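Read through the structure below, which is laid out as structure tokens, and then see the notes.
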Amino acid sequence: MYQFIQSTHSHTRWLVLLTAVIAIIMPFINNSVSSKSKLPGLAFMIMCDIQLLMGLTLYFVFSPLGLQAFDQGMAFVMKTAEVRKIAVEHFVLMLGAVTLAHIGYIKVKKATEASALKKASLIFFGLSLVLILAGIPWAKL
């Protein structure tokens, strides 16, 4: 089960990155404010939530690099780069990214002008994407 969830979590990252780029770019291509123009932000937020659920399942239940790593002590976690990357850095950065995606979607959903929609998408989805890119364990590709 661990291998399946980890593999799915790993491969789904590409959908998250794709929907993030679309959510950032589409408001600049489609210059209107409608429910259709807000869908890319919703898709990005939903993909982040799916990733979050898989990630939390791995972190709290299955992964030896998640909460189980702290059984060996905080010093072990912080001194071991691979464990620290997943148990601390990945976890914190991704929670921040999902939070920004949710705030961004709230701002996009409430936007009544195209400029506000563009600004919210660029700032919140852009920052979320930066955190995601910083938190992905690229060495494990």
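Bear in mind that the values in this text are calculations on the coordinates, not laboratory data. All values derive from a computational prediction rather than experimental measurement. FYI the Cβ positions are ideal-geometry reconstructions off the backbone, even for glycines, and counts take in every protein chain you see.
Quick notes on this structure:
- Exclusive hit being among the hydroxyl-bearing types (S, T, Y), assigned to a helix (DSSP H, G or I) and either closer than 30 Å to S32 by Cβ or over 13 Å from the mean Cα position of the chain (by Cα) (or both), set T112, T57: T57
- Subset of region 57-116 [among the charged types (D, E, K, R) and either in contact (Cβ under 8 Å) with a residue 12 or more places away in the chain or over 18 Å from A139 (Cβ atoms) (or both)]: D71, E82, K85, E89, K107, K109, K110, E113
- From the list A75, A101, A120, the lone residue that is over 20 Å from the mean Cα position of the chain (by Cα) and in a helix (DSSP H, G or I) is A75.
- Residue count for region 78-98, restricted to those that are assigned to a helix (DSSP H, G or I) and farther than 30 Å from A120 by Cβ: 9
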